[in-house]
Amino acid sequence: MGKLITGEGRVNALPLLYDWQERTVCILAHASTGAGNRTAVIGYVPYPEIPDADLRRIAERHGKIGEWGKPAAAYWLINTGHASRIIPKPGHMHVNAKWQLETEWSATLEGPSPTFGGYSSLVTGRFAFEDPNLMEQARELLSNKHLP
């Protein structure tokens, strides 16, 4: 078990189809923490019938993205979470809530762009809303009406 961090504030969640051939999905949650909210929190919401998502491995499969810097997986995850916040879509969830994250991986951005989307670092892991009703609402994002 990784370190448990908690927070409160704006959270967005979305269904993420990350393997087209297998139609493998997860629920991705995005929040922020740390001094000035400069740490992106990107987590997966556990779902009973779906294996836990290895977010670092998912992001690494997408390869190096341009000249953003290292580690490229961190930039990809921040971009995915941040884009869902600034371009809300039907089937996404946007709430102010208390949350917790059991950490699995963290990264500090390096290279020519040591900040991205206002963030200078990233932490990933298993994400949970403190409110059970919000957990259920997040899990409902995987209903077929929201998936491609």
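The values are calculated or read from the model by the stated rules, or taken from the named source; none is laboratory data. Bear in mind the structure is a predicted one, so any value in this text is a computation, not a measurement. Using ideal geometry, Cβ is built from the backbone for each residue, glycine included, and neighbour counts are taken over all protein chains shown. These accessible areas exclude ligands, DNA and RNA; they are computed on the full protein's heavy atoms, side chains included. Shrake-Rupley method; radii C 1.70, N 1.55, O 1.52, S 1.80 Å.
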Most positive-pole-ward Cα, A73, L28, S106, against dipole of the chain from beta carbon charges: A73
3J(HN,Hα) from dihedral phi, the range 20-25, Karplus parametrisation 6.51/-1.76/1.60, rounded to Hz, x for glycine, proline: 5, 5, 8, 6, 7, 10
DSSP loop GluC sites (Glu not before Pro) with at most 10 other Cβ within 10 Å: longest gap in the chain: 68-148
Candidate residues D19, D52: accessible-area rank, largest first, probe 1.4 Å: D52, D19
Heavy-atom accessible surface of the range 19-116: percent carbon and sulfur, 1.4 Å: 49
Projected area averaged over orientations for the range 82-148, convex hull of C-alpha atoms, nm²: 6.0
Accessible area in square angstrom per residue, the chain, 1.4 angstrom probe: 53
